[in-house]
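To keep things clear, I will list the structure first and then write my remarks on it.
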Amino acid sequence: MLKSGDKAPAFALVDQHGKKRTLKEFAKRKVLVYFYPKADTPGCTQQSCLLSGIKSDIGRTVIIGISPDAPAKQLKFDAKYDLGFPLLADESHEIAKAYKVWKKKSMYGREYMGIERSAFLIGGDGKILHAWYKISPKDTPVFLLEALGK
């Protein structure tokens, strides 16, 4: 698992508008990268809407959501809830694996691979300031605000 002080894995993924986004483009700014299992599901909607609701409280900090959903699904999710931040498509799970959030999960006795809901606050120097694995949707904005001293 990644921890504070580790270099954040770089990424170059397409957002909901078809634009390639990289971690490097946000150098010198803090970035919250959060991984969620599936757009427009109850927990993911709660988490994303709560983060959208604190955008004005986090200054220059950037919020980026990443899930295995295709860009078109991410766009519908963003439009439906007016989230207003990049939602990146990690359809190959390459970035989820790099952040160690692509895990074996189990539901109703069936095992499958999926995203472990997690969030990472990355400093302007590209190093992880906080890593929150298995974070609950409602705790994500709370932990972010606390980490930013808000």
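Nothing in this text is a laboratory measurement; each read-out follows from the coordinates by a stated rule. The structure presented is a predicted model; accordingly, all values stated were derived computationally and were not measured. As a convention, Cβ positions derive from the backbone with ideal geometry for all residues, glycine included, and neighbour counts pool all protein chains shown.
Structure summary
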read-out: For the chain, share of DSSP beta bridges that run antiparallel, in % to the nearest 5; value: 70 percent
read-out: Length-normalised contact order for the range 12-147 - Cα pairs under 8 Å, 6+ apart - percent; value: 31 percent
read-out: Cut-off under 5 Å, modelled amide H: who pairs with L88 long-range; value: G65, I66, S67
read-out: Highest to lowest packing among 88-96, 64-72, scored as the average C-beta count within 10 Å; value: 64-72, 88-96
read-out: Dmax and Rg, reported as Rg then Dmax, of the chain (C-alpha, Å); value: 14.2, 45
read-out: Long-range amide H partners of A8 with built H, under 5 Å; value: K127, I128
read-out: Pairwise FRET efficiency - K20 versus K100, Cβ, R0 = 22 Å, nearest 0.05; value: 0.40
